1. With the requirement that a residue be more than 27 Å from residue 244 (Cα to Cα), at pLDDT 85 or above and not hydrophobic (A, V, I, L, M, F, W, C), what does segment 192-218 give you?
2. Residues that are within 14 Å of residue 321 (Cβ to Cβ) and among the aliphatic types (A, V, I, L, M): does segment 415-431 have at least one?
3. Among the residues of segment 207-234, what is the count of those that are over 22 Å from residue 191 (Cβ atoms) and in a strand (DSSP E or B)?
4. Going through 321, 335 one at a time, which residue ends up being among the charged types (D, E, K, R), touching a Lys or Arg at 6+ places or on another chain (Cβ under 9 Å) and at pLDDT 90 or above?
5. Report the residue count in segment 472-500 for those that are buried (at least 21 other Cβ atoms within 10 Å of the Cβ) and over 28 Å from residue 413 (Cα atoms).
6. Do we have residue 498 as in contact with a strand residue (DSSP E or B) (Cβ under 9 Å, 6 or more places away or on another chain) and in a loop (DSSP other than H, G, I, E, B) here?
7. Is it the case, given these coordinates, that residue 81 is over 25 Å from the mean Cα position of the chain (by Cα) and not assigned by TED's automatic domain parsing to the domain that holds residue 501?
8. So, in segment 55-96, exactly how many residues are without any contact (Cβ under 8 Å) to a residue 12 or more places away in the chain and closer than 26 Å to residue 505 by Cα?
Amino acid sequence: MSNTTIRRLIGGVGTALLLLICAVVIGAHFLTGRNLQKIDVSQYTVVKSDGQGGYTAELDVDRLIERERLHNPTATELDAYPEIAALKNLSIRVTSAGGVYEFETVTTGEDPTALLRSRGIKLVNTRWTRDGSKIGADVDKGQQQSVKELRFSDYVVTSRTDGGFAAALDTARMLNDAGIAANADPETNLGAKALRSLGVDCQKTDGGYLLQTTSTLPTVMEDLKTAGLKVVHTKWNWTDAEMEAHLGTVTPMESTSTPEPVAEQPTDTPTGTPSEPTETPVTPEPATPEPTAAPVHNPNAIDTLYGFDQTDVRKAIRAAKEQKYGSTLDASEVKFNYFAVGTDSTEHANVFRIVYTITKTTGTEYLIADVYDLERETGYKTSDVKLTVEYDRNKAKSIDDLSGYQVYTLSGGSMVFPENKDKSPFDKDGLVMAKSISEAVSYDELWDIPQTSDLTLLQLLGYARNEMFARGGHKFSDTSNYYKYFKQFDWYKPTGKVSADALAKMYPATKGNITTIKFLENLIKEG
């Protein structure tokens with residue numbers, strides 16, 4: 001064999017090896033889940049009465065395909081689009097227990113997860129729960145009403161900004177035209193809840209402005225349909241002249257109490273301590289200031305968070321955040337959290353501040369949410385929250401505007417109070433909340449858990465939640481921090497995997513307590 005032939009063989013092998021390495025790298029990149037199109041199954045689920053006091057559900061695949069911009073092949077083309085065939089094989093299984101209905105995505109064929117992933121699709125929210133009384137009221141009401149059509153663009157008003165125009169939705173006028181009182185309780189009026197969730201996104205384009213409907217509710221279309229409503233003309237373009245023609249003010253609307261957010265359903269298997277939020281590169285864009293009347297200094301405001309139930313004020317901040325971003329919000333995480341106590345010379349008696357990292361479809365920004373002069377523990381509304389947008393991390397983190405205040409940094413939702421200096425969060429049996437398997441725990445009790453310099457409240461809530469599973473005999477993985485901790489106590493006798501439902505059968509109080517703790521964990525971490 002000549003030297004030339006050998007060189008050609010080596011070169012060919014090298015090229016093939018290089019191509020193989022590239023394929024492996026590309027495959028690994030794809031399999032990590034990057035660039036997957038996430039489809040929320042619950043958005044496309046239609047719930048109906050089964051005529052026997054229960055409910056059935058089905059997946060509206062046609063609407064899913066349309067809204068997710070997937071190819072809709074004909075019957076003869078279906079073999080060429082296995083991901084669409086897999087979606088068409090999906091159905092929704094409904095089970096009930098104690099008045100609570102659980103919805104779960106199932107398939108008539110093989111598990112489609114790997115196939116969908118290979119086609120760039122990932123299904124999320126494939127299992128969720130809903131209270132039966134609310135489903136019944138919504139379904140019954142939807143069956144009795146005829147559909148009322150509302151043209152969304154008719155309720156949008158514009159305003160001038162430094163960079164051009166901004167847009168807002170006149171929700172009060174839309175509610176009025178829908179025949180719903182402006183102060184209707186969203187907890188009992190599905191139409192009010194759905195319409196109040198709507199917002200408008202306004203993006204400047206080369207030819208003017210692109211406007212489209214947003215919503216903080218993933219099931220808004222179904223909720224509107226059930227309430228006998230239909231919103232049309234939800235995406236359109238206006239020129240500068242048309243934006244000018246729609247200048248106006250939003251109709252004042254009577255406020256209602258902030259509805260209780262639904263806590264995330266806990267997973268069957270408890271997880272470890274949450275990891276720190278990661279940052280996403282910032283995409284600068286001009287901020288639109290939101291004028292807010294400055295609250296009057298309150299001399300009776302609290303000067304410490306010790307013993308203060310922060311749940312309601314954090315819920316109000318979260319509601320204000322969701323109202324601002326609507327469905328343009330892809331994710332949010334609490335990046336910084338401060339509590340500042342003023343003096344007689346400062347403008348406010350105190351300031352409660354949360355700084356979020358906001359991930360949008362158009363980029364990332366920082367949202368600063370302030371509530372002034374905390375005095376009471378309940379009754380906060382979105383109108384009590386002042387929002388400011390920043391695009392620079394250092395500016396968002398800065399507390400230069402609080403130079404006249406004593407500023408405390410809240411790590412993991414709270415801080416080490418002097419009152420708790422010598423207190424341990426754990427009792428003699430190593431438990432954070434020993435009563436949790438037999439009695440209901442309250443938000444107030446959870447906020448009062450003594451923090452240490454080593455463990456934040458968020459971490460301690462993880463122990464409080466998982467100690468219930470441990471007492472039920474759940475076997476954590478050998479590498480889990482919880483296993484390493486609980487195994488030192490004689491009472492911990494693991495027997496195998498214990499689900500939340502199995503635990504609730506042994507200790508009924510744990511069902512509500514797990515939900516309560518999980519909700520507080522999410523509120524502290526994600527807002």
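1. The one that is more than 27 Å from residue 244 (Cα to Cα), at pLDDT 85 or above and not hydrophobic (A, V, I, L, M, F, W, C): 193.
2. Within segment 415-431, the first condition is being within 14 Å of residue 321 (Cβ to Cβ), and the residues that meet it are none.
Within segment 415-431, none of the residues are within 14 Å of residue 321 (Cβ to Cβ) and among the aliphatic types (A, V, I, L, M).
3. Kept after step one, since they are over 22 Å from residue 191 (Cβ atoms), are these residues of segment 207-234: 207-211.
This time we only want the ones that are in a strand (DSSP E or B), so: 208-211.
Residues in segment 207-234 being over 22 Å from residue 191 (Cβ atoms) and in a strand (DSSP E or B): 4 in total.
4. Values: 321 fails: touching a Lys or Arg at 6+ places or on another chain (Cβ under 9 Å).
Just one listed residue meets the conditions, 335.
5. Number satisfying all stated conditions: 1.
6. Details: in contact with a strand residue (DSSP E or B) (Cβ under 9 Å, 6 or more places away or on another chain): yes; in a loop (DSSP other than H, G, I, E, B): yes.
Against the criterion (in contact with a strand residue (DSSP E or B) (Cβ under 9 Å, 6 or more places away or on another chain) and in a loop (DSSP other than H, G, I, E, B)), residue 498 qualifies.
7. Values: over 25 Å from the mean Cα position of the chain (by Cα): yes; not assigned by TED's automatic domain parsing to the domain that holds residue 501: yes.
Here the answer is yes, as residue 81 does meet what is asked.
8. Residues in segment 55-96 being without any contact (Cβ under 8 Å) to a residue 12 or more places away in the chain and closer than 26 Å to residue 505 by Cα: 1 in total.
The values are calculated or read from the model by the stated rules, or taken from the named source; none is laboratory data. Because the structure is predicted, anything quoted here is derived from the model rather than measured. Neighbour counts are summed over all protein chains in view; Cβ atoms, including those assigned to glycine, are modelled from backbone coordinates with ideal geometry.
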